[in-house]
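The structure appears below as structure tokens.
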Number of protein chains: 4
Amino acid sequence: MTEIISETGTPSERETGRLEAFSDGVFAIAITLLALELKVPHFESGSDVTPAALASGLARQWPSYFAFFTSFFTVLVMWVHHHAIFRLVWRSDVTLLFANGFLLMLVTVVPFPTALVAEYLRTPAASAACTFYAGFFVLVSIGFWVLLWAAFRKSVVNPHASAAKIEHLRRSYRLGPPLYLAATVAGLFSPWLAMGICSALWMVWAVTTRDD
Amino acid sequence: MTEIISETGTPSERETGRLEAFSDGVFAIAITLLALELKVPHFESGSDVTPAALASGLARQWPSYFAFFTSFFTVLVMWVHHHAIFRLVWRSDVTLLFANGFLLMLVTVVPFPTALVAEYLRTPAASAACTFYAGFFVLVSIGFWVLLWAAFRKSVVNPHASAAKIEHLRRSYRLGPPLYLAATVAGLFSPWLAMGICSALWMVWAVTTRDD
Amino acid sequence: MTEIISETGTPSERETGRLEAFSDGVFAIAITLLALELKVPHFESGSDVTPAALASGLARQWPSYFAFFTSFFTVLVMWVHHHAIFRLVWRSDVTLLFANGFLLMLVTVVPFPTALVAEYLRTPAASAACTFYAGFFVLVSIGFWVLLWAAFRKSVVNPHASAAKIEHLRRSYRLGPPLYLAATVAGLFSPWLAMGICSALWMVWAVTTRDD
Amino acid sequence: MTEIISETGTPSERETGRLEAFSDGVFAIAITLLALELKVPHFESGSDVTPAALASGLARQWPSYFAFFTSFFTVLVMWVHHHAIFRLVWRSDVTLLFANGFLLMLVTVVPFPTALVAEYLRTPAASAACTFYAGFFVLVSIGFWVLLWAAFRKSVVNPHASAAKIEHLRRSYRLGPPLYLAATVAGLFSPWLAMGICSALWMVWAVTTRDD
């Protein structure tokens, strides 16, 4: 489509449009697949199937709901920030393509640590599951850090992009790796503390998102 | 893409385009994943596999078909209305982003109560399953109510949007929460009444959708 | 996006763009989900796992590959024709929305009869599976027939659309329901004849697709 | 949307936009579905569930992580190249449509050989799994070769497309089939050699991707 609209644009400018659309597609699919982890409760024998048993089976699955909820909003905030970054990008090159690809790979994997927490949060293995979850987001925050570096190189960034906005984005992501690392270490001792930090983090990022 | 088209647009206007595209992606994926609940019938022993047995196995799965059908058109109507709302929105901000995110979260979850009804509609636990289904749509209608509030704030709504259209949308959603609540209460006594109300509701909303 | 581009367009014209994008999303997801039916072969006991056993396990799954292949290209041809129809549509209204929604519902269901054929083609229940498959496409061809009627009503069709093109599309779909019905009846006697007709049909439609 | 933008464009030009968007959708979904192969480890008995056991269960799954990683970046590079090809295409016709459809079919199937390698890489059947994986990419590289032929026919290629760019793309794909064939043969003797060649190939293609 862009091909037709902006015949005067350089190929690199056009690349950004399709890169963003592709990234949005991956974000949209990954965020929707999270809900596949919500499983219908099953019963061993047919005679156990009563309304009360089903209701309590649904209630016992709260770790699934909690993990789904946390991951959904974390990915949503990631999408918002991904968008904020690309609004300041003018061109695309191979480096940006693969920095973005690395982040998208991590986005598609989010349902995996989410399912792990959903399944093991109420078991003795909760600490391993939550440490893995938080540790995975250390990787995600490093992925964002790499994307910020790749996106704000002089050769691709929009020359008219406000330096203040770039600095704002850089600053808010500088805290990601150490905070998720703290959550990872916390997970070794207290699974709930790890999940609490992870939940707090998406809320902080959501609230500090700028409107413009 | 929009970046190139409307260089004169403010960043906030451009945000709406990508927000809608992302929302459409989530709606399209969630509505397609509903069909994953349609499962091929299996047989305990190989000697049971006859054409008649397979045909009757397919026929016995009618609760799946019914739940799929109801949920598919409910999500389709939700998509139509989501679109109708965003046509009147001019800007995007954090509040709208998260009001929309909350609704999208509910959209991605629709396959879960659908699978629950599909599996338990013919069992003694049908009332719990249908109460959960209707109760979930109470949440959805609250989500729409919150989105309407967020979308029609003065700071984001299109100043040229027709007040009559806004009022029409508001009015049609005001009835959502109490009607789904009635279906939820009905589900405690009669699963079929709950599902009947839910089916009637998407039909009413479909028929009362305005063309423009 | 379109909101910004064509401020002079009526809301109904703009609707078509988002309707097509949404439909394309559903087609793209449904066609991709078909591949989920390709399952890795499993072995009862660990000592059975040899290269030769795995190779033969993969080879024995040919009904899956055949069903996947047939359904993939059938959906691809459907997408091409869906596109051809919407190129001639100017406006959107509630009738078109739900005629299109009904067809999309059938598109999302395609993986279900496909999985059925994949699982039962080599069993004594093959005739039931293939009859169901062909019968499902009777429904699909009726869905297309309804869409053609809805799309080419005077109030929504592009007034400059070539009458010859409309007639070409109408004519090619008039044959759908009787031919798939013949395949359905054939399936009761010979599963392979049913699948052969279904395979021949997407090829015929592919070849007779016009370029313009 | 394009319908509104480029009223002067011929229908065939418009086709390319929707063809690309559809292809991007399929790429985005297929690449995201790869992560569904990452499975939460399960334990036979409840008393086995300790943090150490879960950690070691996660570690033992490294073949899944490796297969996922290789396939993710292979598909990402395929998407980049698909895009590079279509930037040079001006029109669409039935031949291009089905050459592209054949490649998309292969893209949707990538999760299948990936799951096969993930499950059998640590078993005695590794050679069969890795031969199948590499053999599948022989098919993919033939698919690309057919697409290149279809895309660069005089009737559809952009007449202003740089002959050097076309030659660059052609040359880089000429090596695909023989190299993947070598990996396939290697797989019969050494599964790791096959996977090593497949990994090396996406890296080479990534590095040799041109920016413009």
Self-check item: Residues that are of a type in the set (S, T, N, Q) and either more than 7 Å from chain A (Cβ to nearest Cβ) or in a loop (DSSP other than H, G, I, E, B) (or both), drawn from segment D:31-56
Solution: D:45, D:47, D:50, D:56
Exercise. Inspect segment A:79-89 for any residue being among the β-branched types (Val, Ile, Thr), closer than 25 Å to residue B:31 by Cα and under 18 Å from the mean Cα position of the chain (by Cα) and give the result as yes or no.
Key: yes
Quiz item: Quick one: residue D:73 ticks every box in (1) within 26 Å of residue C:207 (Cα to Cα); (2) of a type in the set (Phe, Trp, Tyr); (3) in contact (Cβ under 8 Å) with a residue 60 or more places away in the chain bar one, so which box is it?
Solution: (1)
Exercise. Determine, yes or no, whether residue B:76 is facing another protein chain (nearest Cβ under 8 Å) and more than 15 Å from the chain's Cα centre (by Cα).
Key: no
Quiz prompt | Breaking point among (1) of a type in the set (S, T, N, Q); (2) free of Cβ contacts under 8 Å to residues at least 12 places away in the same chain; (3) surrounded by 15 or more Cβ atoms within 10 Å (Cβ to Cβ), for residue C:56 | solution = (3)
Quiz item: Can you spot a residue in segment D:19-26 that is more than 8 Å from chain A (Cβ to nearest Cβ) and more than 24 Å from residue C:21 (Cβ to Cβ)?
Solution: no
Practice problem: Determine whether residue B:122 is over 27 Å from residue A:83 (Cα atoms) and either of a type outside the set (Asp, Glu) or in contact with a strand residue (DSSP E or B) (Cβ under 9 Å, 6 or more places away or on another chain) (or both). | Solution: yes
Exercise. Sort out which residues of segment A:32-53 are surrounded by 19 or more Cβ atoms within 10 Å (Cβ to Cβ) and of a type outside the set (A, V, I, L, M, F, W, C), and write them in order of number.
Key: A:32, A:37, A:51
Quiz prompt | Test: residue C:18 is in contact with a Ser or Thr (Cβ under 6 Å, 6 or more places away or on another chain) and modelled with pLDDT under 85 | solution = no
Quiz item: Hey, does segment B:57-70 have a residue that's of a type in the set (Phe, Trp, Tyr), closer than 19 Å to residue A:79 by Cβ and within 10 Å of another protein chain (Cβ to nearest Cβ)?
Solution: no
Exercise. Output yes when any residue across segment C:136-145 is more than 11 Å from every other protein chain (Cβ to nearest Cβ), in contact (Cβ under 8 Å) with a residue 12 or more places away in the chain and touching a strand residue (DSSP E or B) at 6+ places or on another chain (Cβ under 6 Å), and no when none is.
Key: no
Self-check item: Residues being more than 14 Å from every other protein chain (Cβ to nearest Cβ), among the aliphatic types (A, V, I, L, M), touching a residue at least 24 places away in the same chain (Cβ under 8 Å) and closer than 17 Å to residue B:85 by Cα - total across segment B:168-212
Solution: 0
Quiz prompt | Unmet criterion (only one of (1) within 10 Å of chain B (Cβ to nearest Cβ); (2) crowded, with 19+ Cβ neighbours inside 10 Å; (3) in contact (Cβ under 8 Å) with a residue 60 or more places away in the chain) for residue C:93 | solution = (2)
Practice problem: Taking residue D:123 as the residue in question, decide whether it is over 23 Å from residue D:179 (Cβ atoms) and β-branched (Val, Ile, Thr). | Solution: yes
Practice problem: State whether one or more residues within segment C:33-41 are out of contact with any helix residue (DSSP H, G or I) (no Cβ under 8 Å at 6 or more places or on another chain), free of Cβ contacts under 8 Å to residues at least 12 places away in the same chain and closer than 30 Å to residue D:124 by Cα. | Solution: no
Quiz item: Within segment C:107-123, which residues are within 14 Å of residue C:72 (Cα to Cα) and either without any contact (Cβ under 8 Å) to a residue 60 or more places away in the chain or facing another protein chain (nearest Cβ under 7 Å) (or both)?
Solution: C:108, C:109, C:111, C:112, C:113, C:115
Exercise. Collect the residues in segment B:167-212 that are among the aromatic types (Phe, Trp, Tyr) and either in contact with a Phe, Trp or Tyr (Cβ under 6 Å, 6 or more places away or on another chain) or over 21 Å from residue C:101 (Cα atoms) (or both), keeping them in residue-number order.
Key: B:173, B:180, B:189, B:192, B:202
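The values are calculated or read from the model by the stated rules, or taken from the named source; none is laboratory data. Everything quoted here is computed from the prediction, not taken from an experiment. Counting neighbours? That spans all protein chains shown, and the Cβs are built from the backbone with ideal geometry, glycine included.
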